[in-house]
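Below is one structure, written out as structure tokens; comments come after it.
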Amino acid sequence: MTIHDHNFPVEMQDLKTADDIRIPNNLGRAVVRTDTDEVLGIHGKRYELIPHDDVCNAVMDAVKRTGISNDWTSNIELSQNGARMRGEILFDNMIVEPIKDDHIKFRIQFYNSYDGAWSVQIACDALRLWCLNGCTTADAVFRTWQKHTYALNVSAYTKQIANGMNTFWDNKDQW
């Protein structure tokens, strides 16, 4: 899946009953994927739509602003017809080798959903590469959750990702 697959149009729309009676917005609104007219989620009055593209751009911008590395690969996966998005950035030159042929890479994961399954999440961790399916540390070196009731703060993500990377390197003896 390419990075552009997550960038499809969505909007909040009012709800109606089967008899075409309008449901007040304070009771609920629908997140609709407008290119397919599919309802991806129903939310209350405090929900703020945060598009997948905004989350991806915020994380990518934060990574670039940190200046920690230009040698990374990213992957973005969608599920539930686009209602859920999971992204991953692996830093190919940020590797700890605690013993010969035991490689641990710095990784950033990020999530968003339109169906209420996930808040906006960003996590930095250490991905151990000694087995084909990967193995992570028990604790993330950084993790944040943000409800869909606030605007994204890219400058905060920049600092948090940089702190996560520093924690990754500071703990290399533990790996």
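The values are calculated or read from the model by the stated rules, or taken from the named source; none is laboratory data. Note that the structure is a prediction, hence the values are computed from the model and not measured. Counting neighbours? That spans all protein chains shown, and the Cβs are built from the backbone with ideal geometry, glycine included. Quick note on the areas: whole protein, heavy atoms, side chains included, nothing else; ligands and nucleic acids left out. Shrake-Rupley method; radii C 1.70, N 1.55, O 1.52, S 1.80 Å.
Values for this structure:
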read-out: The stretch 1-21, subset over 19 Å from the mean Cα position of the chain (by Cα) and polar (S, T, N, Q), residue farthest from Tyr114 (Cα to Cα); value: Thr17
read-out: Residues satisfying the stated conditions in the stretch 22-37, i.e. over 24 Å from the mean Cα position of the chain (by Cα) and open to solvent by less than 80 Å² (accessible area, probe 1.4 Å); value: Ile23, Pro24, Asn25, Gly28
read-out: Meets criteria (surrounded by 15 or more Cβ atoms within 10 Å (Cβ to Cβ), within 30 Å of Trp169 (Cα to Cα) and at pLDDT below 95) for Thr66; value: yes
read-out: Condition check for Asp71: of a type in the set (Asp, Glu), loosely packed, with under 12 Cβ neighbours inside 10 Å and closer than 18 Å to Ala162 by Cβ; value: yes
read-out: Pairs where the first residue, in the stretch 69-82, is under 30 Å from Trp169 (Cα atoms) and the second is part of a loop (DSSP other than H, G, I, E, B), C-beta under 9 Å, 6+ apart; value: Asn75/Met1; Ile76/Met1; Ile76/Thr2; Glu77/Met1
read-out: Subset tally (residues that are in contact with a Lys or Arg (Cβ under 9 Å, 6 or more places away or on another chain) and of a type in the set (A, V, I, L, M, F, W, C)) for the stretch 18-39; value: 3
read-out: Selection status of Leu49, open to solvent by 40 Å² or more (accessible area, probe 1.4 Å), within 16 Å of Asn112 (Cα to Cα) and of a type in the set (A, V, I, L, M, F, W, C); value: yes
read-out: Condition check for Val10: modelled with pLDDT under 90 and in contact with a Lys or Arg (Cβ under 7 Å, 6 or more places away or on another chain); value: no
read-out: Members of the stretch 4-21 found to be free of Cβ contacts under 8 Å to residues at least 40 places away in the same chain, open to solvent by 60 Å² or more (accessible area, probe 1.4 Å) and of a type outside the set (Val, Ile, Thr), listed by number; value: His4, Pro9, Glu11, Gln13, Asp14, Lys16, Ala18, Asp19, Asp20
read-out: Residues satisfying the stated conditions in the stretch 1-29, i.e. of a type in the set (D, E, K, R) and assigned to a loop (DSSP other than H, G, I, E, B); value: Asp19, Asp20
read-out: Residues located in the stretch 82-97, provided they are of a type in the set (Val, Ile, Thr) and surrounded by 20 or more Cβ atoms within 10 Å (Cβ to Cβ); value: Ile89
read-out: Ser79 vs. criteria within 16 Å of the chain's Cα centre (by Cα) and of a type in the set (Gly, Ala, Ser); value: yes
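Results for (1) open to solvent by 30 Å² or more (accessible area, probe 1.4 Å); (2) modelled with pLDDT of 75 or more, shown as yes or no for each residue.
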residue: Ala117; (1), (2): yes, yes
residue: Trp130; (1), (2): yes, no
residue: Thr158; (1), (2): no, yes
residue: Ile161; (1), (2): no, yes
residue: Asn171; (1), (2): yes, no
